[in-house]
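Some notes on the structure that comes next.
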Number of protein chains: 2
Amino acid sequence: MDTYISNISYATGEQREIVSLSGNGVDERTIAMFSKFGLKYYREFNGSIYDLAVKAAEQTLKEHHNQIEEMIFTTGSFHTQPEPYNRISNIRELNTVINKLGIAAYPYGIFLSDCANVISAIHIGKSLLSENPDKDILIVSSDVTGKTESRIVPPGSSIKSDGAGSCIISGKPNGASFMILAVKQYHNSRMLNNSGFANYSIELMKSMDFIKDEFFNEGCDNYKLVLVNNYSTGFARSLAKQIDIPIEIVYTEQIAGYAHCFASDIFINLSKLIADGGISDGDNILAIASGPSSISGISLKYVNK
Amino acid sequence: MDTYISNISYATGEQREIVSLSGNGVDERTIAMFSKFGLKYYREFNGSIYDLAVKAAEQTLKEHHNQIEEMIFTTGSFHTQPEPYNRISNIRELNTVINKLGIAAYPYGIFLSDCANVISAIHIGKSLLSENPDKDILIVSSDVTGKTESRIVPPGSSIKSDGAGSCIISGKPNGASFMILAVKQYHNSRMLNNSGFANYSIELMKSMDFIKDEFFNEGCDNYKLVLVNNYSTGFARSLAKQIDIPIEIVYTEQIAGYAHCFASDIFINLSKLIADGGISDGDNILAIASGPSSISGISLKYVNK
């Protein structure tokens, strides 16, 4: 069956210059390096991941009138557990989100792929739809940097922004939509262990080889654009080189304004592409997202008739 | 396609008498009530959820020689984040588990259904298999009570034990296995909100009605046994009454020895049933698990030829 993502939306914290982080846990040389690699602003949010999730999902649901039967919520932000630990706090907060959105959906929480959580969520959503193609599933990603957490993405790849993103996954397109062509995910447990990132560059190259083998076997002419996490232009250039594609087809336009909004980068980039008219009906794109020890790719066809 | 769970295993912490909790954050009257309701021992583990996960999964994989392509890991225990918060700690710890188990699997983390997390995991695993029925998926649940966390299950239903459970979900039976007949999940976001458990008894009754409607429309003769979370015999009796089934078919044998091992209760109960010869080839059973604001049921046919 064909599966589509539609009603893509996002919300972020306030825009701040990355230079404002200077002395605030980030040294000047690091900021200078990130500036050189295309970063200018990051986003800072003073509420919870659940507050930000509502902001994104409200827009996704605004023009959507079908029944949402399931909700897939993804995050990597588990730093706000109250002391003494209250096991029910996550679902209690998510119930508040569900009530605010006015939906009745079974919630599945997804974690462990971090900045690629959205691709895991879409993969799982696509699978759940195979049981019953008539239902709609809401996907929401939300991440906020903890107060005691460094804004540097380990192992030094970017600056963390606070953002949420959302979409509907269903068996039908709805306005500006993307048909899912393929989802491929690769995990390398040797890349990160209890001593930290082991042989990171070598193992990262294996991830890049996976993407090259799975999506670029016949060159890159199939894709109008390749979307990546908004880490830096340096990362984008290095990825383009390693998977042997021209840097010109890598979408880097949002790096300066957003930096890295965790798993929500994909929603921001897809949303901007649609709003800016950067793609046309029938265009294929590839979105790549990497986690701390994984890489995921999703190929999509734009449908907007 | 038919889907099976096999190689079911579990691991728990050390067995301790529930009376030893007296004065240790739990008052004597509560302990007396739980004793009256069939609880005698709970399990206490001094390591992490990941240590316990290895103990369970090692047994599941011992006699299993197929390729595990995906791993679904479920927990509700997010209290062990180090300060300052390190976003990569969950996947780093899970990579250690994956390396110890000697598998190469893409990991999906599942949360938000707490004590019903295993049914969410089986639901998602079953869906992922519909894409490719030839792969095997490892499911692991693990929960350990936090040091500053109360051992009382909110809102006062049982005593928390530390346990992990695991199984393989695949398109083929393997020894003592269960074919999945149906999975049904119901969530009620009004049951729990920021002021706590709202109208808990009334909303809980709606959950019970869901189970009754979905699984007992034609009476209970279809099921040899009904498995529930090992909360207490009081809970089991109340559930039996509300869904109008005889208490005799509710499996309560493990309540005294284990108390409530979160999502792993189902694995403990299925494992014990097989080991004790409590079921025969072709028997149907129903396993019910409830989360703080949800209920899930899975009907299974025992296959062991």
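Here are some notes:
- The residue that is nearest to the chain's Cα centre (by Cα), counting only those in the stretch A:296-305 that are closer than 21 Å to A:E248 by Cβ and small (G, A, S), is A:G297.
- Test for B:L192: is it within 14 Å of chain A (Cβ to nearest Cβ), surrounded by 15 or more Cβ atoms within 10 Å (Cβ to Cβ) and of a type outside the set (D, E, K, R): yes
- Some residue of the stretch B:16-32 being out of contact with any strand residue (DSSP E or B) (no Cβ under 9 Å at 6 or more places or on another chain) and of a type in the set (V, I, T): yes
- Some residue of the stretch B:107-123 being among the small types (G, A, S) and not assigned by TED's automatic domain parsing to the domain that holds B:E70: no
- Filtering the stretch A:74-88 to residues that are facing chain B (nearest Cβ under 7 Å) and touching a residue at least 12 places away in the same chain (Cβ under 8 Å) leaves A:G76, A:F78, A:H79.
- Scanning the stretch B:183-209 for residues being out of contact with any strand residue (DSSP E or B) (no Cβ under 9 Å at 6 or more places or on another chain) and among the polar types (S, T, N, Q) gives a total of 5.
- Residue check for B:E149: outside any helix (DSSP H, G or I), touching a Phe, Trp or Tyr at 6+ places or on another chain (Cβ under 6 Å) and acidic (D, E): yes
- Qualifying residues in the stretch B:89-116 (those that are at the interface with chain A (Cβ under 8 Å from one of its Cβ atoms), assigned to a helix (DSSP H, G or I) and open to solvent by less than 10 Å² (accessible area, probe 1.4 Å)) - the one nearest to B:I68 (Cα to Cα): B:I98
- A:I268 vs. criteria touching a Cys at 6+ places or on another chain (Cβ under 9 Å), closer than 18 Å to A:G38 by Cβ and in contact (Cβ under 8 Å) with a residue 40 or more places away in the chain: yes
- Filter result for the condition that a residue is under 23 Å from B:V26 (Cβ atoms), more than 15 Å from the chain's Cα centre (by Cα) and surrounded by fewer than 24 Cβ atoms within 10 Å (Cβ to Cβ), over B:S130, B:S157: B:S157
Listed here are the residues, each with its yes/no results for (1) free of Cβ contacts under 8 Å to residues at least 40 places away in the same chain; (2) out of contact with any Asp or Glu (no Cβ under 7 Å at 6 or more places or on another chain).
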site	(1), (2)
B:T148	no, no
B:S158	no, yes
B:D162	no, no
B:S166	no, yes
B:N199	yes, yes
B:M205	yes, yes
B:F215	no, yes
B:I245	yes, yes
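- The single residue among B:K224, B:K206 that is more than 30 Å from B:V19 (Cα to Cα) and within 14 Å of chain A (Cβ to nearest Cβ) turns out to be B:K206.
- Subset tally (residues that are closer than 16 Å to B:V118 by Cα and touching a helix residue (DSSP H, G or I) at 6+ places or on another chain (Cβ under 7 Å)) for the stretch B:179-203: 5
- All positions within the stretch A:179-188 that are surrounded by fewer than 24 Cβ atoms within 10 Å (Cβ to Cβ), within 13 Å of chain B (Cβ to nearest Cβ) and not aromatic (F, W, Y): A:I180, A:A182, A:V183, A:K184, A:Q185, A:N188
- Residue in the stretch B:138-151 that is crowded, with 24+ Cβ neighbours inside 10 Å, more than 8 Å from chain A (Cβ to nearest Cβ) and farther than 28 Å from B:I18 by Cα present: yes
- Among the residues of the stretch A:296-305, just one is among the polar types (S, T, N, Q), surrounded by 18 or more Cβ atoms within 10 Å (Cβ to Cβ) and more than 14 Å from chain B (Cβ to nearest Cβ), namely A:S299.
- Among the candidates B:A164, B:A176, residue that is touching a helix residue (DSSP H, G or I) at 6+ places or on another chain (Cβ under 8 Å), open to solvent by 20 Å² or more (accessible area, probe 1.4 Å), of a type in the set (A, V, I, L, M, F, W, C) and away from every other protein chain (no Cβ under 11 Å): B:A176
The values are calculated or read from the model by the stated rules, or taken from the named source; none is laboratory data. Keep in mind that what you see is a predicted model, and the values were worked out from it rather than measured. Cβ coordinates were reconstructed from backbone atoms using ideal geometry, including for glycine residues, and neighbour counts include every protein chain displayed. Side chains included, ligands, DNA and RNA excluded: accessible areas come from the protein's heavy atoms. Shrake-Rupley method; radii C 1.70, N 1.55, O 1.52, S 1.80 Å.
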